[in-house]
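We did not get these values from a lab; they are worked out from the coordinates using the rules stated. Since the model is a prediction, treat every value here as computed from it, not as a measurement. Don't worry about glycine lacking a Cβ; one is built from the backbone with ideal geometry, like all the others, and counts go over all protein chains shown.
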Amino acid sequence: MAEWKNTEAILVTLGKMEIKEAPMPEPGDNDIVMQVEYVGICGSDIHGFQFEPFIPPRDPNQKIGLGREAAGRVVAVGKKVTKFRAGDRVNIEPGVPCGKCKYCLSGHYNICPDVDFLATQPNYRGALTNYIRHLADFTYKLPDNRAGGGKEIR
Ligand SMILES: [Zn+2]
């Protein structure tokens, strides 16, 4: 993957984002790396861009990426990942919970207090990037067709 380049859109000040070079993500054992093809821009992204993230970072020098609803193609998988391979069309669930707390263990991971959610705390990693690493368990295959005959919009 050394010849591929990665960039990411970073909020540098309110109302201004810059596209910067970023390291190419490498998959951990249980991760996929997705080439990002689509990112939805939601109200909280717009709020973060215009005002500040809903949960402002404690560190004023924290790098802030925006964008969390993303889809694309798998380009690499970790050595323990068996349900994906390069070329699969996927989308990612933006929140990755801890997997250890009482909420996660009871199946209510959506209220995990230690969730690592894209474009917010604790890491403010955004999906407005060329490539993103994500846990395979929170990645989902998309069909090769488009539901309802929808048209691609670019
Ligand atoms: Zn948890």
The lone exception for Pro122 - which of (1) over 28 Å from Trp4 (Cα atoms); (2) within 14 Å of the ligand (Cβ to nearest atom) it fails: (1)
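Among the residues of segment 77-91 satisfying the criterion of being surrounded by 12 or more Cβ atoms within 10 Å (Cβ to Cβ) and part of a loop (DSSP other than H, G, I, E, B), which is farthest from the ligand (Cβ to nearest atom)?
The qualifying residue farthest from the ligand (Cβ to nearest atom) is Ala86.
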Lone unmet requirement of (1) touching a residue at least 60 places away in the same chain (Cβ under 8 Å); (2) in contact with a His (Cβ under 9 Å, 6 or more places away or on another chain) for Gly28: (2)
Qualifying residues in segment 104-137 (those that are without any contact (Cβ under 8 Å) to a residue 40 or more places away in the chain and among the aliphatic types (A, V, I, L, M)) - the one farthest from His47 (Cα to Cα): Leu105
Identity of the residue in segment 92-119, under 21 Å from Gln62 (Cα atoms) and within 11 Å of the chain's Cα centre (by Cα), that ends up farthest from the ligand (Cβ to nearest atom): Ala119
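Could you tell me whether Phe51 is away from the ligand (no atom under 16 Å from the Cβ) and either more than 27 Å from Thr7 (Cβ to Cβ) or surrounded by fewer than 18 Cβ atoms within 10 Å (Cβ to Cβ) (or both)?
Yes.
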Residue tally, condition part of a strand (DSSP E or B) and either over 18 Å from the mean Cα position of the chain (by Cα) or exposed (fewer than 11 other Cβ atoms within 10 Å of the Cβ) (or both), over segment 6-17: 3
Per-region count, segment 39-75, residues part of a strand (DSSP E or B) and either farther than 30 Å from Lys141 by Cα or in contact with a Lys or Arg (Cβ under 9 Å, 6 or more places away or on another chain) (or both): 7
